[in-house]
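Comments concern the structure below.
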Amino acid sequence: MSAALADDLEELRAALAAQAEDLCLALLGKPAARSGSEWRWGKRGSLSVVTRGSKRGLWHDHEAGTGGDLFDLIRRERGGSFAEAVAFARDFVRMPAAARPAPKRPISNRAKITEADPNDAARLARARRYAAEA
């Protein structure tokens, strides 16, 4: 993963954590209990989500022994891949997708072009002009 994509993912993670309560309400409904920094769901409050502090957005299901961040919670509740969870999170916080650089097209080596051949030299000159204009 490139540094730009990693930074973008961290920015999305922070934006999601800032809206942790709203996301949890949307995914899980009304909590069974609320304390100062934690909301709980389930009959015995087995699913907990930290809503304040440095661990905001982390969750743990004490019955199942699972937990994670809000991307994991989205996957747990909605299913799907990590990429689908990221897309849902972007939509939820209204953050546009990061611009990705266009993939480089592989250069074909089927024909060897040389500047020694007058026809090849003309083709190379046209290709260079075209690339400079693009």
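Restricting to the range 41-53, name every residue that is farther than 10 Å from Cys24 by Cβ and buried (at least 17 other Cβ atoms within 10 Å of the Cβ). Within the range 41-53, Ser48, Val50 qualify. Restricted to the range 64-91, and to residues there that are assigned to a loop (DSSP other than H, G, I, E, B) and surrounded by 11 or more Cβ atoms within 10 Å (Cβ to Cβ), the residue that is modelled with the highest pLDDT is Asp69. For the range 28-50, check the following and say yes or no: at least one residue is basic (Lys, Arg), within 18 Å of Ala64 (Cα to Cα), more than 14 Å from the chain's Cα centre (by Cα) and modelled with pLDDT under 95. There is at least one residue in the range 28-50 that is basic (Lys, Arg), within 18 Å of Ala64 (Cα to Cα), more than 14 Å from the chain's Cα centre (by Cα) and modelled with pLDDT under 95. The set of residues in the range 2-40 that are part of a loop (DSSP other than H, G, I, E, B) and in contact with a Pro (Cβ under 9 Å, 6 or more places away or on another chain) contains only Ser2. Counting the residues of the range 2-32 that are of a type in the set (Lys, Arg) and without any contact (Cβ under 8 Å) to a residue 24 or more places away in the chain gives 1. The lone criterion from (1) charged (D, E, K, R); (2) at pLDDT 90 or above; (3) surrounded by 11 or more Cβ atoms within 10 Å (Cβ to Cβ) left unmet by Arg123 is number (2).
Within the range 92-114, restricting attention to residues that are of a type outside the set (A, V, I, L, M) and surrounded by 10 or more Cβ atoms within 10 Å (Cβ to Cβ), the residue that is modelled with the highest pLDDT is Phe92. Residue by residue through the range 1-40, note down the ones that are farther than 21 Å from Ala87 by Cβ, aliphatic (A, V, I, L, M) and surrounded by 13 or more Cβ atoms within 10 Å (Cβ to Cβ). Within the range 1-40, just Ala32 meets the criteria. Check whether at least one residue in the range 33-42 is within 15 Å of Leu12 (Cβ to Cβ), out of contact with any Phe, Trp or Tyr (no Cβ under 9 Å at 6 or more places or on another chain) and in contact (Cβ under 8 Å) with a residue 12 or more places away in the chain, and report yes or no. No, the range 33-42 contains no residue that is within 15 Å of Leu12 (Cβ to Cβ), out of contact with any Phe, Trp or Tyr (no Cβ under 9 Å at 6 or more places or on another chain) and in contact (Cβ under 8 Å) with a residue 12 or more places away in the chain.
The values are calculated or read from the model by the stated rules, or taken from the named source; none is laboratory data. Remember, it's a predicted structure, so these values are computed and weren't measured experimentally. Heads up, the Cβs are rebuilt from the backbone with ideal geometry, glycines too, and the neighbour counts pull from every protein chain shown.
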